[in-house]
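To start, the structure itself, in structure tokens.
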Amino acid sequence: MRAREGQIPAWVPEGEAAFASLEIPGIEPVKIPARKPAKKSGIDPKSLAEGLLGGRRGDLARAITLIESNAPAHRPLAREILQIITNAPQRPISRRIGISGVPGAGKSTFIETFGNFLCDNGHRLAVLAVDPSSTISGGSILGDKTRMELLSRREECFIRPSPSSGVLGGVGRKTRETILLCEAAGYDTILVETVGVGQSEIEVRSMVDCFVLLMIAGAGDDLQGMKKGILEIADVLAVNKADGANEARAMTTRADLERAVAFLSPCTEGWTPPVLAISAVSGLGMADMREQILAFAEHTAKTGQSTQRRKEQAISWWKTLVDQELRARFFAAPEVASAAENIGQRVLTGEMSPSVAAEELLGRIAWDRGN
Ligand code: GDP
């Protein structure tokens, strides 16, 4: 993509005097101005990366803050850290587990109980969150750490509240990169919590190995029906709050769900999602849950699906990043920015059809390298 003759695309910050060239064999190179070096921030990405690889929590937290930052000067630093940890010697395989469920299903209570159970069994655990509602509510689903009081005090556990969403790919990007940092810091189990509101589950599914859905008894047929799409992407299902007066109802719901699941096409070949009855309060079913997550991991490792899924996730994420960046650079180009509003208005008034208007706006940039 090249801006029209004589113009410098706005998305490329003007360099001092230097120019870098983008060379493709057989095609005359296009001159693009070199990016300005990032402002001196006093942050040393190498020592941060070394610190987190050595398991220092403070450095891990600082590196995540860099990843979450929207300041343009921080992006190259964050990228450098990611590059260093990518090239670092391999760590034992980690498990990435998504936890979802409607508000009130008991996600944070479950993470507190299950997280402590995992830590007691020798795991090092990182808990992250994807919270699509944080921009609306201004809150964050893990913002209130007191909901995981015991867990947040454990040495083997690292809890990070959901980042507030901003530009640059939003919370999905930040959570994906944060997962990599936590794994590099030696956490072997990563729990990613999300609220059950639809889109966020799909996003979390695309960044984890195993997706656990928490349900509650007697949520009503309509609600269960609504969740059919979500049921289809779950690898393990659990009816929570199977305790006290609620126990019998939870068992009935469990049996209903088991029947429903039998009719769904499994999202992982050869695996029918188990339906558990658990209680995050009494601790019922925690060992079962771990067993099922391990059985799922074993099944997908044996069939090659776990490696395949991670590869597909990486490629799909890479494409998404290119898409996002292209879009951002396109709309930031002055010849596009100056015309977009006017062209949009003409679509609104019916003076121009959307397809002609799209061509018109895309035509503001010379995509054909001037041939
Ligand atoms: P979240 O919105 O999904 O994170 O749900 P919370 O973990 O905040 O739980 C919502 C409410 O359900 C709280 O009052 C919890 O104490 C309660 N709760 C969570 N798990 C259980 C459980 O296993 N049994 C019972 N009886 N209550 C639970």
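The values are calculated or read from the model by the stated rules, or taken from the named source; none is laboratory data. Given the structure is predicted, the values throughout are model-derived calculations rather than measurements. Cβ coordinates were reconstructed from backbone atoms using ideal geometry, including for glycine residues, and neighbour counts include every protein chain displayed. In case anyone asks, the SASA skips ligands and DNA or RNA and just uses the protein heavy atoms, side chains included. Shrake-Rupley method; radii C 1.70, N 1.55, O 1.52, S 1.80 Å.
In the full protein assembly as shown, how much of I43 is accessible to a 1.4 Å probe, in Å² to the nearest 10?
60
Within 13 Å, Cβ to Cβ, of Q83, how many net charges do the neighbouring residues add up to if Lys/Arg are +1 and Asp/Glu are -1?
Working: positive: K46, R75, R79; negative: E80, E177.
The answer is +1.
Can you list the HN-Hα couplings for the range 176-193, worked out from phi with the Karplus curve (6.51, -1.76, 1.60; θ = phi - 60°), rounded to whole Hz and with x for Gly and Pro?
Values per residue, Gly and Pro as x: 4, 6, 5, 4, 4, 5, 5, 5, 5, 7, x, 7, 8, 10, 10, 9, 10, 8 Hz.
Would you please give the residues with an amide H less than 5 Å from that of A129, counting only those at least 5 places away or on a separate chain, with H modeled from the backbone geometry?
The list, which skips near neighbours in sequence, is S162, E193.
Amide H of M215: which non-local residues (sequence gap of 5 or more, or other chain) have their own amide H closer than 5 Å, using H built in the peptide plane?
Sorted by chain and number, the residues that satisfy this are A238, V239, N240.
Output ³J(HN,Hα) for the range 318-327: one whole-Hz value per residue in order, computed from phi by the Karplus curve 6.51 cos²θ - 1.76 cosθ + 1.60 with θ = phi - 60°, and x for Gly and Pro.
For the range 318-327, the Karplus curve yields 4, 5, 4, 5, 5, 3, 4, 5, 4, 4 Hz.
Which ³J(HN,Hα) values in Hz, rounded to whole numbers, follow from the phi angles of the range 345-356 under the Karplus curve 6.51 cos²θ - 1.76 cosθ + 1.60, where θ = phi - 60° and Gly and Pro get x?
Using θ = phi - 60°, the values come out as 4, 5, 5, 4, 7, x, 6, 9, 7, x, 6, 5 Hz.
Percent relative contact order of the range 224-334, based on C-alpha pairs within less than 8 angstrom and at least six residues apart? Don't skip to the end; give the middle numbers.
Working: 88 pairs, mean separation 26.9, N = 111.
Relative contact order of the range 224-334: 24 percent.
In what sequence, highest mean first, do 236-247, 45-56, 338-349 appear when ranked by Cβ atoms within 10 angstrom? Working shown, then result.
Values: 236-247: 20.7, 45-56: 17.0, 338-349: 12.8.
The densest-packed peptide leads the list: 236-247, 45-56, 338-349.
In the range 296-336, which residues have a backbone nitrogen under 16 Å from the label point lying 7 Å from A366's Cα in the Cα-to-Cβ direction?
334-336
Taking amide H atoms as placed 1.01 Å from N in the peptide plane, list the residues 5 or more away in sequence, or in a different chain, whose amide H sits under 5 Å from that of R96.
Here the answer is I190, D209, C210, since their amide H atoms fall under 5 Å of that of R96.
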